[in-house]
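Below is one structure, written out as structure tokens; comments come after it.
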Amino acid sequence: MPGVKHIAIGLDTSSSPLLVVVAQDGKLYSSRRKGIKQERILFPVLQKLLAKHSASLPDTKKVVIVRGPGRFTGIRIALTFASMLKYLSGAQVYGVTVFEAVKEQVFASKRFKKWQQQNPSGVLAVVLHAFRGEYFLQFFTPQAQQAQWLSAEELLSRLQSCEQPLFVAGADKERTPLDGLLGSRWPLADFKDCTVRADTLIALSERDDLLQNALEPLYLKPARFELLGK
């Protein structure tokens, strides 16, 4: 129908900076904003991006959110926003983890494809800084691998114990490269592929499998709590 908008919104509130993206018919506008009070930043940024499409929130047909891991409060912002739009405008909600988004970006990269040709049994490990000296880790292998929250020492031990060739992607503190933590022990992904990109979020809105459990947060349990529970 003429004049009908089919807006897709992508949202990553799992950590700072906040990422907001609004797309329609292949045209995409996005914004990254630093700050802890993301609930105050989100709607002014979103309104500016919607205005570039001459659209409003009720025009939203799809919402892609990052459901974790990350800050508890940040993740709740995205979940609440997506729930609201699902109820008010009937928007379809897609949920992706940071691990999954980074995996998609790395798998599509020339560096990884070249490495994979030389290492057909190789494994991708996505490493993300969690809090102070602790990290999130997920291996991507043919078998399902659970994500974990580990101390730096545990992280290095898990990586070193991997029997298959290993390719590592992710980011350290303040979204910096992993070189300082891992050195040159393993090949690393291009850093541009190691944080969630706006175009990736919108592309994932075509993945029907991400409609399942879209509003189920991935919080993980801190390594220090795991130790206390033993």
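Before anything else, pin down the relative contact order of the chain: Cα pairs under 8 Å, at least 6 apart, normalised by residue count, whole percent. Don't skip to the end; give the middle numbers.
Working: 417 pairs, mean separation 49.8, N = 230.
The normalised contact order for the chain reaches 22 percent.
Hey, which aspartates and glutamates would be in cross-link range of Lys113, C-alpha to C-alpha under 16 Å, not counting anything within fewer than 8 residues on its own chain?
Lys113 reaches Glu104, Asp190, Asp193.
In the chain, if the dipole is taken from +1 on Lys/Arg beta carbons and -1 on Asp/Glu beta carbons about the Cα centre, which of Val106, Thr200, Leu150 is farthest to the positive end?
After comparing all options, I get Thr200.
Using the Karplus curve 6.51 cos²θ - 1.76 cosθ + 1.60 with θ = phi - 60°, what ³J(HN,Hα) values do you get for each residue of the stretch 190-197, in whole Hz, with x for Gly and Pro?
4, 5, 4, 9, 9, 10, 5, 9
Which helices pass in the chain if a helix is a full DSSP H run, must span at least 24 angstrom along its long axis by Cα, and must have mean Kyte-Doolittle hydropathy not below 0.0? Write down the numbers at each step before the final one.
Details: long enough: 72-89 (26 Å, 1.02).
Those that pass (Cα extent of 24 Å or more, hydropathy at least 0.0) are 72-89.
From the C-alpha gyration tensor of the stretch 99-193, pull out the three semi-axes of the equivalent ellipsoid (sqrt of 5λ each), sorted largest to smallest, in whole Å.
Values: eigenvalues 76, 44, 31 Å².
The three semi-axes for the stretch 99-193 are 19, 15, 12 Å.
Below 15 Å, Cα to Cα, which aspartates and glutamates can Lys5 reach? Residues fewer than 8 away in the same chain don't count.
Correct list for Lys5: Asp25, Asp59.
May I ask you to compute the full-extension gain from Lys37 to Thr73, defined as 0.36 nm times their residue separation minus their alpha-carbon distance, rounded to one decimal in nm? The partial results should precede the final answer.
Details: separation 36, 0.36 × 36 = 12.96 nm, distance 0.96 nm.
Contour length minus Cα-Cα distance gives 12.0 nm.
With only Lys, Arg, Asp and Glu charged, each at its Cβ (+1 for the first two, -1 for the last two), find how big the charge dipole of the stretch 99-193 is about the Cα centre; round to the nearest 20 debye.
320 debye
Taking only C-alpha pairs under 8 Å that are 6+ residues apart, what is the relative contact order of the stretch 99-193 in percent?
Working: 135 pairs, mean separation 27.7, N = 95.
Relative contact order here is 29 percent.
Rule-of-thumb check for the chain: C-alpha Rg over 2.2 N^0.38 Å? Provide the component values of the computation, followed by the final result.
Working: Rg = 18.2 Å, N = 230, 2.2 N^0.38 = 17.4 Å.
That ratio works out to 1.05.
Springs between alpha-carbon pairs under 10 angstrom, Gaussian network model over the chain: which of Ala108, Ala82, Ala55 fluctuates most?
Its mean-square fluctuation being the largest, the pick is Ala108.
If you rank Ile202, Ile9 by fewest surrounding Cβ atoms within 10 Å, what's the result?
On the way: Ile202 21, Ile9 27.
Ranked by crowding around the Cβ, least crowded first: Ile202, Ile9.
What is the set of long-range amide H partners of Val64 at a cut-off below 5 Å, with H atoms built 1.01 Å from backbone N?
Residues meeting the criterion, in which the H sits 1.01 Å from N, are Ile9, Gly10, Leu11, Tyr94.
With springs only between Cα atoms under 10 Å, which of Ser31, Ser54, Ser83 fluctuates most in a Gaussian network model of the chain?
Among Ser31, Ser54, Ser83, the largest GNM mean-square fluctuation belongs to Ser54.
No value in this document is a laboratory result; all are computed from the given coordinates. Note that this is a predicted model, so its numbers are computed, not measured. Reconstructed Cβ throughout: ideal geometry from the backbone, glycine too, with neighbour counts over all protein chains shown.
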